[in-house]
1. Run the dipole for the chain about the Cα centre, Lys and Arg Cβ at +1, Asp and Glu Cβ at -1, nothing else charged, and hand back the magnitude in debye, nearest 20.
2. Can you tell me the dipole magnitude for segment 187-270 around its Cα centre, using point charges on the Cβ only (Lys, Arg +1; Asp, Glu -1), in Debye to the nearest 20?
3. Between THR232 and SER383, 0.36 nm times their residue separation minus their Cα-Cα distance comes to what?
4. Can you put VAL12, VAL6 in order of Cβ neighbours within 10 angstrom, beginning with the fewest?
5. Got a sec? Charge dipole of the chain, +1 on Cβ for Lys and Arg, -1 for Asp and Glu; which of VAL6, ILE27, ILE94 is way out at the positive end?
6. Cα to Cα, under 19 Å, and not fewer than 8 places away if on the same chain: which lysines meet these conditions relative to LYS21?
7. Placing one identical point scatterer on every Cα of segment 329-392 and ignoring solvent, what is log10 I(q)/I(0) from the Debye formula at q = 0.21 Å⁻¹?
8. Pairs of Cα atoms under 8 Å, at least six residues apart: use those to get the relative contact order of segment 285-376, whole percent.
Amino acid sequence: MKALIVDDEAHVRKIIRFMGKWEEHGITDILEARNGEEAQALIDREKPEIIMTDVKMPKKNGMDLIEWLVSHSYPGKVILISGFDEYTFMRKAIQLGTFDYLLKPVEEEVLNKVLADAIEAWKKEEKERRGMEPGLHEEVRRYCLDREVTFACSGKTFDCGEIASSLPEADAYGLALIYFYQTHHPEPYIQQLRDELIGRGSGNAYALQNDSNLCLILFAEGQLFPIEEWLTHHFDIPVRLVSGHRVESLEELPSSFLAAQQAMADQSFRAIHRLTDLEDKRRMQDMVQFVDGHYMEELSLEKLSIRFFLSREHISRRFKQETGTTLSSYVMQLRIEQAKQWLRETDEKMYSIALKLGYQDETYFSKLFKKTVGMTPLEYRNSHTEDNLESIG
């Protein structure tokens, strides 16, 4: 196995080389690069399984390198090397699927623990890749197409040629979005629609990988009405359809997607099979359950409105009636309770806890914690450490 250390500071690369128990972990070759540009050339040639990269470097920085690796579906495990003041980079790297991160100055014990975990994860995934059955090739193909469309909608680099290969030839395409109600399972419906569009030779449907309740359709111009008709007769669940956005070139996909999203925010959609069978009480219970499971993510009345087919005003009023507090206060309380649990049961640093809970500013969250709990996170942890010692004694 090979490992690549990417850092513009030679002494940092030297320290990591010295501290790593490479042979013990099965690493036989240790490569070095001074920036993302050099790293790309080495990765293309040497195919290292483990990549450790700094954030701030000349020419091509660590985030540029990570995005390049993601765009090429690189199977290696990436470990970010970051400073205390780089929350934004760490959060983005985690969202991009980076395996873990190391904080400077790098500690030997932490380095080798992360290294061992990364190698174990790589070996497990490699075993799964080698064991893939031939019948899974079509599923992999669908996954790759969904990924490229997701990249385009997320503003990342994407492969126009890959997407074009899944579409019929046309001078221009129409773009539509289908929003599924949160508690429904859209996968079989998206697959049914995909098969229908491909069978007709009129377009294709893609499941967005960053939002399981959203489907994007690309179709040859003039095919919108037949598609709406088909949805009405073959979908037996309520959906919202945003349609009519023209795509002359697939390079316009990101801007067309944003325009369709704005149309949804402006309530410009067609409802297919309205939610008349779900009582308001049941829908609010679904919503509270969703918040309970996603409170570490960015939540808003707008997001809930789209997922639960209710107006922002209705949600604001009914959420407070259902829980006794506002959405923002409810989310904050869940985050505080989770922080208290981690402070009691783990040695995790506060900056890491704040980051996991969706706060990029540790100081802000510490003040919020003190205002709510009556003591700082450190005081809270110390008080429970003392209680544990007394109980043991």
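All of the numbers you see were taken from the coordinates with simple rules; none came from a lab. Because the structure is predicted, anything quoted here is derived from the model rather than measured. Because the Cβ atoms are built from the backbone with ideal geometry, glycine has one as well, and the counts that use them run over all protein chains shown.
1. That gives the chain a dipole magnitude of about 840 debye.
2. The dipole magnitude comes to about 100 debye.
3. So the chain would gain 48.3 nm between THR232 and SER383.
4. Ranking VAL12, VAL6 by Cβ neighbours within 10 Å, fewest first, gives VAL12, VAL6.
5. The residue sitting farthest along the positive end of the dipole is ILE94.
6. Within the straight-line cut-off, LYS21 pairs with LYS2, LYS77, LYS104, LYS113, LYS123.
7. Per q value, in the given order, log10 I(q)/I(0) is -0.79.
8. This gives 22 percent for segment 285-376.
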